[in-house]
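Chemist: Handing you this structure, nothing more for now.
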Number of protein chains: 2
Amino acid sequence: MEAHERGFFTEENSIEVVTGRNKNAKDARLKQVMEVVIRKLHEAVKEIEPTQEEWLQAILFLTRTGQMCNEWRQEFILLSDTLGVSMLVDAINNRKPSGASESTVLGPFHVKGAPELEMGANICLDQKGEDLFIQGRILDTSGNPIADAVLDVWQANDEGFYDVQQQGIQPDFNLRGVFRTGLDGRYWFRAVKPKYYPIPNDGPVGQMLDHLGRHPNRPAHLHYIIKAGGFETLITHIFDPDDPYISSDAVFGVKESLLAEFKRTHDPVRAKEYDFEGDFWEVEHDFVLARVGERGR
Amino acid sequence: MEAHERGFFTEENSIEVVTGRNKNAKDARLKQVMEVVIRKLHEAVKEIEPTQEEWLQAILFLTRTGQMCNEWRQEFILLSDTLGVSMLVDAINNRKPSGASESTVLGPFHVKGAPELEMGANICLDQKGEDLFIQGRILDTSGNPIADAVLDVWQANDEGFYDVQQQGIQPDFNLRGVFRTGLDGRYWFRAVKPKYYPIPNDGPVGQMLDHLGRHPNRPAHLHYIIKAGGFETLITHIFDPDDPYISSDAVFGVKESLLAEFKRTHDPVRAKEYDFEGDFWEVEHDFVLARVGERGR
């Protein structure tokens with residue numbers, strides 16, 4: 001037999017030889033995925049031409065990344081986040097029809113079982129931070145209000161920490177709440193102005209960001225999961241456009257349509273109504289849900 | 001500012017936005033490497049269009065791979081080996097001038113400090129397996145013998161295990177030896193016919209191979225590191241072309257030029273000279289070293 005008939009590996013035919021081994025794969029999708037993975041991996045190696053030492057450094061980086069993971073820390077997700085892969089997967093899986101609100105990453109700090117609150121409730125349980133009043137509507141793509149939409153909201157406090165990162169310091173379920181819209185599709189609640197915060201950066205991904213001259217910060221935001229019968233669930237944030245990191249989110253989560261104006265408001269009558277001490281921040285932001293089957297771009 | 005000026009991430013501009021963040025990288029090579037890694041990674045994701053669940057499965061596979069590693073097990077190297085990346089890096093770093101012997105992967109079973117033996121010594125210390133006589137020459141690319149070339153050889157036994165995998169069963173340094181050529185550049189020693197063996201397949205990489213319908217075996221081979229003053233060090237194997245896995249090495253290490261004929265020999269006079277019991281196997285294989293600076297293709 002000739003070398004090519006035996007399928008011996010060469011620098012030139014490496015992609016064909018390696019992908020050719022998968023012809024008996026037990027799963028057609030896995031075979032398809034691995035064909036792309038192997039091809040792109042070999043293309044990258046051929047373009048980079050790593051030394052043996054560089055290749056070993058890459059192996060050891062991936063090893064450290066795996067070994068940093070435990071039940072509450074997922075360093076490979078951080079790697080995916082900081083290389084824009086998580087947002088890319090999110091974008092691919094959430095192509096919205098024109099006019100629908102855009103999604104962004106879920107993040108690691110969502111907690112199931114947050115209390116369902118009356119509209120208008122204050123989700124800040126420790127009175128720390130600058131008062132914030134948030135309101136808006138949940139609409140369909142024709143502009144009609146959606147009743148019985150459920151908003152699950154959560155945010156970091158004014159020091160950039162979620163409650164689950166400061167157990168014993170923040171009250172349980174601080175800055176979390178679930179709200180349900182009425183017939184007018186309106187929502188409103190009280191909170192505090194969130195602050196930017198760093199993703200966990202004491203591991204290999206933090207070192208990578210440092211070597212790349214990148215900061216680890218995410219600009220200030222509020223998280224939303226919005227569900228309504230017959231509509232696609234929307235997982236998204238709203239961001240403060242005046243945040244110093246708004247154009248350099250470490251995980252690339254910001255989209256133009258997710259910028260919400262944070263307005264400083266002097267209105268003693270409303271402040272009193274909201275039980276605020278004085279001037280407060282105010283955000284008005286509508287969310288538009290796509291109907292199931294309305295997806296695509 | 002417009003969205004593109006702020007550098008917000010979209011499915012379309014993802015590669016430019018993510019690579020654009022590295023403009024302050026502390027190391028020009030790292031910046032260059034990451035530009036390729038990010039581009040190929042995003043190209044792969046865009047082509048695969050993974051679901052969120054598939055993406056999570058990939059994250060968890062990489063995590064398990066990292067967590068399988070310890071001081072004697074390197075699962076990410078196995079992953080690199082089985083996807084042909086290790087051989088590709090080897091090929092890129094060992095482009096040889098015409099006529100020079102080709103390299104292949106070092107593998108994890110080399111041990112420093114094997115005993116230097118007299119030419120002709122038997123490296124099999126436990127008399128297990130079928131006798132093998134190996135000889136050949138170490139030459140330069142003009143066909144001249146290289147004196148004082150040092151051969152470091154090692155191999156698995158006839159059950160497919162290296163001594164370090166069977167401590168207490170095989171003698172220390174079984175099937176390992178270091179030989180030094182004389183003026184004629186010749187080498188010869190006695191050993192046993194090696195057998196194919198599986199790479200460690202009780203971890204995530206073994207599961208991957210199984211799902212891909214691939215076996216974990218490496219065809220029978222002997223390892224060589226050959227060093228000589230003024231020449232490029234050669235790290236290579238010779239393979240038995242009649243091995244059942246010769247065309248499907250799990251790590252893609254086989255090259256046409258590394259096939260060595262294993263000849264069954266009936267020669268009572270030579271058998272007695274070698275202290276063999278009867279018929280034996282015989283291999284003759286020359287190695288050609290490139291001079292330092294003679295590299296390239």
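The values are calculated or read from the model by the stated rules, or taken from the named source; none is laboratory data. Keep in mind it's a predicted model, so treat the numbers as computed, not measured. For neighbour counting, all protein chains shown are included, and Cβ atoms are generated from backbone atoms with ideal geometry for every residue, glycine included. Remember, those area values only see protein heavy atoms, side chains included, never the ligands or the DNA or RNA. Shrake-Rupley method; radii C 1.70, N 1.55, O 1.52, S 1.80 Å.
Chemist: Give the residues of the range A:229-243 that are in a strand (DSSP E or B), within 12 Å of chain B (Cβ to nearest Cβ) and surrounded by fewer than 21 Cβ atoms within 10 Å (Cβ to Cβ), sorted by residue number.
Modeler: Selection gives A:ILE235 alone.
Chemist: Here is a further query. Which of (1) in contact (Cβ under 8 Å) with a residue 24 or more places away in the chain; (2) open to solvent by less than 40 Å² (accessible area, probe 1.4 Å) is the odd one out, the single condition B:ASP148 does not satisfy?
Modeler: (2)
Chemist: Also: List, please: which pairs have Cβ atoms under 7 Å, are six or more places apart or on different chains, and start with a residue in the range A:196-208 that is part of a strand (DSSP E or B) and end with one that is open to solvent by less than 70 Å² (accessible area, probe 1.4 Å) and of a type outside the set (Gly, Ala, Ser)?
Modeler: Sorted first by the residue in the range A:196-208, then by its partner, the pairs are A:TYR197/A:ASN217; A:TYR197/A:ARG218; A:PRO198/A:PRO216; A:PRO198/A:ASN217.
Chemist: Checking B:TRP154 against (1) part of a loop (DSSP other than H, G, I, E, B); (2) within 11 Å of B:ALA191 (Cβ to Cβ), which test does it fail?
Modeler: Of (1) part of a loop (DSSP other than H, G, I, E, B); (2) within 11 Å of B:ALA191 (Cβ to Cβ), only one is false for B:TRP154: (1).
Chemist: Within the range B:161-176, is there a residue that is within 19 Å of B:GLY253 (Cα to Cα) and part of a loop (DSSP other than H, G, I, E, B)?
Modeler: Here is the first cut: in the range B:161-176, the residues within 19 Å of B:GLY253 (Cα to Cα) are B:161-162.
So of that shortlist, the ones also part of a loop (DSSP other than H, G, I, E, B) come out as B:161-162.
Scanning the range B:161-176 turns up at least one residue that is within 19 Å of B:GLY253 (Cα to Cα) and part of a loop (DSSP other than H, G, I, E, B).
Chemist: Of A:ILE226, A:ILE246, which residue is out of contact with any Gly (no Cβ under 9 Å at 6 or more places or on another chain) and assigned to a strand (DSSP E or B)?
Modeler: On the way: A:ILE246 fails: assigned to a strand (DSSP E or B).
Going through A:ILE226, A:ILE246 in turn, just one is out of contact with any Gly (no Cβ under 9 Å at 6 or more places or on another chain) and assigned to a strand (DSSP E or B): A:ILE226.
Chemist: Residues in the range A:264-297 that are of a type outside the set (A, V, I, L, M, F, W, C) and over 19 Å from A:ARG186 (Cα atoms): how many?
Modeler: Filtering the range A:264-297 down to residues of a type outside the set (A, V, I, L, M, F, W, C) leaves A:264-268, A:270, A:272-275, A:277-279, A:282, A:284-286, A:291, A:293-297.
Those still in the list that are over 19 Å from A:ARG186 (Cα atoms) too: A:264-268, A:272, A:275, A:277-279, A:293-297.
The number of residues fulfilling the criteria is 15.
Chemist: Taking the range A:240-297, which residues are touching a Ser or Thr at 6+ places or on another chain (Cβ under 8 Å) and of a type in the set (Ser, Thr, Tyr)?
Modeler: Of everything in the range A:240-297, just one residue is touching a Ser or Thr at 6+ places or on another chain (Cβ under 8 Å) and of a type in the set (Ser, Thr, Tyr), namely A:SER257.
Chemist: Let me ask something else. Any chance you could count how many residues in the range B:103-141 are surrounded by fewer than 18 Cβ atoms within 10 Å (Cβ to Cβ) and in contact with a helix residue (DSSP H, G or I) (Cβ under 9 Å, 6 or more places away or on another chain)?
Modeler: Going through the range B:103-141 one residue at a time, the tally reaches 6.
Chemist: Kindly evaluate A:PRO200 against the criterion of being touching a helix residue (DSSP H, G or I) at 6+ places or on another chain (Cβ under 9 Å), surrounded by fewer than 19 Cβ atoms within 10 Å (Cβ to Cβ) and farther than 22 Å from A:GLY136 by Cβ.
Modeler: yes
Chemist: Could you check the range A:249-297 for strands (runs of 3 or more DSSP E) lying wholly inside it with 1 or more residues that are not hydrophobic (A, V, I, L, M, F, W, C)? Steps first, answer last, please.
Modeler: Working: elements: A:263-265, A:280-284, A:287-289.
Correct list: A:263-265, A:280-284.
Chemist: Follow-up question, since we're still on this one. Within the set of pairs 6+ apart or on separate chains, which have a first residue in the range B:44-68 that is more than 7 Å from chain A (Cβ to nearest Cβ), a second that is buried (at least 19 other Cβ atoms within 10 Å of the Cβ) and among the charged types (D, E, K, R), and C-beta atoms under 7 Å apart?
Modeler: What qualifies is B:MET68/B:GLU75.
Chemist: Within the range A:180-197, work out how many residues are buried (at least 17 other Cβ atoms within 10 Å of the Cβ) and within 18 Å of A:ASP131 (Cβ to Cβ).
Modeler: 8
Chemist: While we're looking at this one, here's another question. Take the conditions out of contact with any Gly (no Cβ under 8 Å at 6 or more places or on another chain), surrounded by fewer than 20 Cβ atoms within 10 Å (Cβ to Cβ) and among the charged types (D, E, K, R) and apply them to A:ASP172. Does it pass?
Modeler: On the way: out of contact with any Gly (no Cβ under 8 Å at 6 or more places or on another chain): yes; surrounded by fewer than 20 Cβ atoms within 10 Å (Cβ to Cβ): yes; among the charged types (D, E, K, R): yes.
Judged against the criteria, A:ASP172 is a match.
Chemist: Between B:ARG190, B:ARG186, which is over 23 Å from the mean Cα position of the chain (by Cα) and touching a residue at least 60 places away in the same chain (Cβ under 8 Å)? Before you say what the answer is, go through the steps one by one.
Modeler: Details: B:ARG190 fails: over 23 Å from the mean Cα position of the chain (by Cα).
It is B:ARG186.
Chemist: Right, something else. Quick check: anything in the range A:158-168 surrounded by 19 or more Cβ atoms within 10 Å (Cβ to Cβ) and of a type in the set (S, T, N, Q)?
Modeler: The first filter runs over the range A:158-168 and keeps only residues surrounded by 19 or more Cβ atoms within 10 Å (Cβ to Cβ), leaving A:162-163.
Now drop any that are not of a type in the set (S, T, N, Q), which leaves none.
Checked against the condition, which is being surrounded by 19 or more Cβ atoms within 10 Å (Cβ to Cβ) and of a type in the set (S, T, N, Q), the range A:158-168 yields no hits at all.
Chemist: Then there's this: What tally of residues in the range A:244-291 results from selecting those that are among the small types (Gly, Ala, Ser) and within 14 Å of another protein chain (Cβ to nearest Cβ)?
Modeler: Start the filter on the range A:244-291 by keeping residues that are among the small types (Gly, Ala, Ser), which leaves A:247-248, A:250, A:253, A:257, A:260, A:271, A:278, A:290.
Those left that are additionally within 14 Å of another protein chain (Cβ to nearest Cβ): A:247-248, A:250, A:253, A:257.
Within the range A:244-291, residues that are among the small types (Gly, Ala, Ser) and within 14 Å of another protein chain (Cβ to nearest Cβ) number 5.
Chemist: Restricting the search to the range B:8-30, which residues are within 7 Å of another protein chain (Cβ to nearest Cβ) and part of a helix (DSSP H, G or I)?
Modeler: B:SER14, B:VAL17, B:VAL18, B:LEU30
Chemist: Return the pair list, or none, for Cβ contacts closer than 7 Å from residues in the range A:277-294 that are more than 13 Å from A:ILE146 (Cβ to Cβ) and of a type in the set (A, V, I, L, M) to residues that are in a loop (DSSP other than H, G, I, E, B) and open to solvent by 60 Å² or more (accessible area, probe 1.4 Å), at least 6 apart or on different chains.
Modeler: Partner pairs satisfying both residue conditions: A:VAL283/A:GLU261.
Chemist: Right, something else. So, in the range B:70-100, of the ones that are at the interface with another protein chain (Cβ under 10 Å from one of its Cβ atoms), farther than 20 Å from B:ASN217 by Cα and not charged (D, E, K, R), which residue ends up most open to solvent (accessible area, probe 1.4 Å)?
Modeler: Checked the range B:70-100; the qualifying residue most open to solvent (accessible area, probe 1.4 Å) is B:ASN70.
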